[in-house]
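Reviewing the structure listed below.
The values are calculated or read from the model by the stated rules, or taken from the named source; none is laboratory data. Since the model is a prediction, treat every value here as computed from it, not as a measurement. Cβ placement follows ideal geometry from the backbone for every residue including glycine, while neighbour counts extend to all protein chains displayed. With ligands, DNA and RNA removed, areas are computed over all heavy atoms of the protein, side chains included. Shrake-Rupley method; radii C 1.70, N 1.55, O 1.52, S 1.80 Å.
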Amino acid sequence: MTLNRFSAYIKKNLSSRRLVIVSSREPYVHKQTKSGIKVEVPAGGLTSAMDDVLKLTGGIWVAWGSGSADKETVTDDRVLVPPGDPAYTLKRVWLSSTEVNNYYHGYSNQVLWPLCHMALDRVYYRKKFWDNYIKVNRIFARSVLEEVNHDTIVWIHDYQLCLVPKFIRERKSGLTLAHFWHIPWPNWGVFRVHPQPRKIIEGLLSNDLIGFQIPFFAKNFLECIHECFGTDAEIDYKHSTVTYRGHTTTLHAFPISIDYEKFNSTAVLKKTDSAIKNIKNRYKIVGHTGIGVDRLEYTKALLKRLQAIELFFEKYERFIGRFTFIQIAVPTRTKEPYLSYKKSVEALIGKINEKFSTGYWSPIIYIDKKVEQKDLIAYYKMADVGIISSINDGMNLVAKEYVACRSDEQGVLILSELAGAAEELEGAILVNPYNIEDFAQSIQKALNMADTEKALRMEHMRRQVSENDIYKWIADILKSMTQVSKQKQKKCRYLFDHIENIQNNLAGKSLLLCLDYVGTLSPIVATPDIAYLGADVQALLLQLKKVVRLAIVSGRQIEDIKGLVGIKDIIYVGNHGAEIWDGEKIAVSQHLSADKLLLNEFQIRLQNALCGLPQILIEDKGATLSVHFRNLKIRELAAFLIVFEETAKDFKDVFRITSGKKVFEVRPKELWNKGDAINWMRKKIAPDDYIIYVGDDTTDEDAFGVIKSTGMPISIGCMPEADYYLKSQGEIKAFLELILLINTPVPLP
Ligand code: ADQ
């Protein structure tokens with residue numbers, strides 16, 4: 001997507017909405033220098049990309065004012081940026097040195113960062129870190145809350161601000177909140193080391209949308225939710241959503257990228273070629289070159305890369321004097337363990353240089369500072385090999401920058417398979433940075449690669465990056481944000497915030513109250529046969545049946561549900577709408593037995609294919625099947641979904657398959673659904689009744705749809721098709737009490 005197309009997209013889709021970006025680091029830093037105040041733009045693809053968005057949309061960026069002259073350059077904490085050509089507001093929050101040490105250097109960089117990068121021996125937790133993390137996240141949330149109206153989209157970035165969504169949501173429940181997680185998310189085996197795993201995940205689940213770099217991290221996040229919250233959090237694997245305490249969060253992978261065109265077009269300029277000449281002259285480079293560009297960061301595994309280079313020279317001596325590796329490493333987070341890491345890197349470079357230097361040539365050139373982007377591009381274009389060795393990395397933008405600078409389709413990318421970028425850049429030579437032998441051999445392979453193979457690989461990667469650049473990344477995320485936000489707007493308010501409206505609406509009406517069973521009247525449990533009705537809820541239903549018409553709606557067979565509820569003279573709907581007991585006799589969907597043979601075949605094929613997964617429960621309900629996978633371990637999920645989808649596709653013309661809460665419902669297409677059952681009751685039993693329907697599952701959406709404009713659809717957890725929601729199944733009792741109260745005649749004085 002070009003910048004022009006992106007501008008058009010933004011104007012069309014976002015023009016009327018206010019965008020607030022929130023990140024720990026700021027896009028412009030004002031610094032006090034000997035020659036006065038200077039503005040610095042920090043290195044990194046993210047800040048420049050988000051800066052481009054806000055330049056187009058206007059809006060606000062809330063970030064920590066970390067520069068030595070930041071306070072002097074704001075009015076009321078705000079400064080218009082970019083300097084000289086103002087387009088949006090940078091609003092700074094102020095942190096004390098104690099807060100910075102504990103929240104930023106402490107909790108963010110010594111707990112969450114190493115943990116998410118699986119560097120467990122570097123995790124260092126102190127209670128004061130956590131206390132300050134909470135405090136600073138509150139400061140950020142407060143600052144954001146001052147800027148929002150009902151239409152605002154808030155886009156939060158990264159691991160320093162996990163609790164901000166929760167603190168915002170507590171005050172403004174209707175806002176659209178999205179969070180992009182730039183770093184890896186580990187599996188539960190690693191994340192469980194965290195002292196407050198629930199708190200961090202809970203904070204994030206206040207978002208409407210969470211973006212991860214690759215699907216693998218989103219899957220790990222789901223695994224952690226599953227392990228942390230069990231049945232308290234409902235995971236819809238098919239739609240990748242999580243409902244926790246009545247709020248639904250959508251998870252999605254959005255691989256971040258770069259401004260491809262900027263790198264590509266700068267690389268072909270004559271002045272880039274002149275810059276290359278200058279570099280070669282300055283460092284007296286002859287022969288092949290390699291490049292590494294990183295923050296001086298242990299997760300980028302510079303030591304492993306250097307060990308591989310050392311071994312490469314040992315094994316392939318003919319490259320001595322003929323291959324020079326340039327390491328550009330900008331110091332980062334200038335505290336421990338980074339200071340020691342820098343020393344170790346420099347010591348190893350010193351050792352390798354001493355070991356192999358030949359008087360006129362040194363194997364490694366080390367540049368330990370920030371390099372201007374135009375110079376960086378010259379280094380990329382010059383280097384025969386680009387090397388990325390991360391032991392874990394969300395994405396790694398350097399890999400994409402290197403590719404974007406190679407319009408000559410030469411140059412070989414050696415890329416750690418443990419970086420997110422490895423999922424996308426198929427033309428790279430993938431290495432395991434822990435396998436030093438293989439790593440060294442890959443350098444040799446890259447340097448000896450035929451030009452035609454280089455061109456093929458590079459062309460493939462360039463297409464991938466150019467078609468998926470930073471603008472597409474942002475457009476995709478904004479599109480998802482506006483989608484979730486539209487869904488929120490068109491629906492569903494928390495019922496107990498609108499009691500007066502509901503009372504007014506129901507006054508004087510005769511009611512048909514339809515209540516779904518599992519997940520609504522009874523809690524969701526491990527297996528359906530133990531989903532009992534609580535005595536207190538049953539007692540309420542017995543009172544309610546005297547004042548409203550009552551229907552219990554279920555996916556079970558009718559006799560089954562009648563037995564479980566145990567109340568006479570009310571309506572029961574079974575098999576997701578296919579059977580209706582009107583109090584005296586049963587009405588059955590015309591098509592009830594027509595597809596039974598096929599249903600049996602489906603069941604047998606599935607049973608045979610799933611014999612290695614005994615936790616799957618296939619419930620035969622006569623006219624329909626329910627395939628429960630609640631008890632499946634998350635690592636078995638992918639295998640199950642593949643088998644299920646493979647089997648289901650052969651029956652797609654006959655059966656409608658809907659996904660519920662860890663269950664797939666399989667039903668003949670023509671069979672009555674819950675919406676049809678409502679229509680039947682409306683016609684045959686209750687033509688004048690006002691219908692309230694309470695449900696929690698996708699199969700209830702059919703009923704919601706039928707009464708949308710004439711009745712009151714209510715969901716457990718916020719569902720877009722409902723008008724009101726209850727936060728959890730635990731609130732059903734209070735809801736039934738409310739309906740009873742509204743319908744209980746007030747005795748005359
Ligand atoms: P980082 O780990 O900081 O951020 P990375 O993807 O490695 O990001 O990109 C670093 C950026 O800084 C690149 O744009 C590079 O050009 C620039 N840079 C590095 N050293 C430089 C130097 N010496 N001089 C000038 N510029 C330099 C996190 C995650 C990544 C994820 C990004 C974006 O850790 O996995 O890719 O966010 O989401």
*asked:* Could you check the stretch 410-441 and list, in sequence order, the residues that are over 19 Å from SER257 (Cβ atoms), part of a helix (DSSP H, G or I) and touching a residue at least 24 places away in the same chain (Cβ under 8 Å)?
replied: ILE436, GLU437, PHE439, ALA440, GLN441
_ALA329 vs. criteria in the same structural domain as TYR434 (by TED's automatic domain parsing) and within 16 Å of the ligand (Cβ to nearest atom)_ = yes
*So which residues in the stretch 442-465 are open to solvent by 40 Å² or more (accessible area, probe 1.4 Å) and either touching a residue at least 60 places away in the same chain (Cβ under 8 Å) or in contact with a Leu (Cβ under 7 Å, 6 or more places away or on another chain) (or both)?*
GLN464
*Report yes if some residue within the stretch 289-297 is among the acidic types (Asp, Glu) and closer than 30 Å to THR324 by Cβ; otherwise report no.*
yes
_I'd like to know if the stretch 188-203 contains one or more residues that are more than 21 Å from PRO114 (Cα to Cα) and either in contact with a Pro (Cβ under 9 Å, 6 or more places away or on another chain) or buried (at least 19 other Cβ atoms within 10 Å of the Cβ) (or both)._
no
*Does the stretch 347-368 contain any residue that is under 37 Å from the mean Cα position of the chain (by Cα), farther than 19 Å from ILE443 by Cα and polar (S, T, N, Q)?*
no
*What do you reckon, is LYS135 modelled with pLDDT of 95 or more, open to solvent by 50 Å² or more (accessible area, probe 1.4 Å) and farther than 26 Å from VAL20 by Cα?*
no
*asked:* If I filter the stretch 393-409 for residues that are in contact with a Phe, Trp or Tyr (Cβ under 9 Å, 6 or more places away or on another chain), farther than 28 Å from HIS252 by Cα, touching a residue at least 40 places away in the same chain (Cβ under 8 Å) and within 16 Å of the ligand (Cβ to nearest atom), do I get at least one hit?
replied: yes
*Scan the stretch 642-698 residue by residue and report those that are under 22 Å from THR241 (Cβ atoms) and aliphatic (A, V, I, L, M).*
ILE642, ALA648, ILE657, VAL663, VAL666, VAL694
*Starting from residues that are assigned to a strand (DSSP E or B) and among the aliphatic types (A, V, I, L, M), keep the ones in the stretch 82-113 and report whichever is surrounded by the most Cβ atoms within 10 Å (Cβ to Cβ).*
LEU90
*Does THR324 meet the test of being away from the ligand (no atom under 16 Å from the Cβ) and in contact (Cβ under 8 Å) with a residue 24 or more places away in the chain?*
yes
*How many of the residues making up the stretch 196-239 are of a type in the set (Ser, Thr, Tyr) and either within 24 Å of ILE657 (Cβ to Cβ) or assigned to a helix (DSSP H, G or I) (or both)?*
2
*Quick check, is SER108 within 16 Å of the ligand (Cβ to nearest atom) and modelled with pLDDT under 95?*
no
*Quickly run through the stretch 414-427 and pick out the residues that are under 24 Å from ALA218 (Cα atoms) and within 16 Å of the ligand (Cβ to nearest atom).*
LEU415, SER416, GLU417, LEU418, ALA419, GLY420, ALA421, ALA422, GLU423, GLU424, LEU425
*(1) small (Gly, Ala, Ser); (2) more than 17 Å from LYS135 (Cα to Cα); (3) crowded, with 20+ Cβ neighbours inside 10 Å; (4) over 10 Å from the mean Cα position of the chain (by Cα): which one isn't true of SER173, the others all being true?*
(3)
*asked:* Tell me yes or no: at least one residue of the stretch 299-308 is at negative phi, within 16 Å of the ligand (Cβ to nearest atom), open to solvent by 40 Å² or more (accessible area, probe 1.4 Å) and in contact with a Leu (Cβ under 8 Å, 6 or more places away or on another chain).
replied: no
_Out of the residues in the stretch 591-613 meeting the condition of being in contact with a helix residue (DSSP H, G or I) (Cβ under 9 Å, 6 or more places away or on another chain) and under 25 Å from ILE558 (Cβ atoms), tell me which one is most open to solvent (accessible area, probe 1.4 Å)._
LEU592
*What's the number of the condition SER357 fails, among (1) open to solvent by 10 Å² or more (accessible area, probe 1.4 Å); (2) within 14 Å of the ligand (Cβ to nearest atom); (3) farther than 30 Å from PHE180 by Cα?*
(2)
*In the stretch 128-185, what count of residues is obtained for those that are within 16 Å of the ligand (Cβ to nearest atom), of a type outside the set (A, V, I, L, M) and part of a helix (DSSP H, G or I)?*
2
*Output yes when any residue across the stretch 385-397 is of a type in the set (D, E, K, R), touching a helix residue (DSSP H, G or I) at 6+ places or on another chain (Cβ under 8 Å), in the same structural domain as MET449 (by TED's automatic domain parsing) and surrounded by fewer than 24 Cβ atoms within 10 Å (Cβ to Cβ), and no when none is.*
no
*When you go through ASP236, ASP259 one by one, which is the residue that is of a type in the set (Asp, Glu), open to solvent by less than 50 Å² (accessible area, probe 1.4 Å) and closer than 25 Å to SER390 by Cα?*
ASP259
*asked:* If ARG549 satisfies all but one of (1) modelled with pLDDT under 95; (2) more than 30 Å from LEU54 (Cα to Cα); (3) open to solvent by 10 Å² or more (accessible area, probe 1.4 Å), what's the number of the condition it fails?
replied: (1)
*Which ranges mark the strands (runs of 3 or more DSSP E) fully within the stretch 614-662 that have 2 or more residues being closer than 21 Å to GLY555 by Cβ and among the aliphatic types (A, V, I, L, M)?*
617-620, 625-628
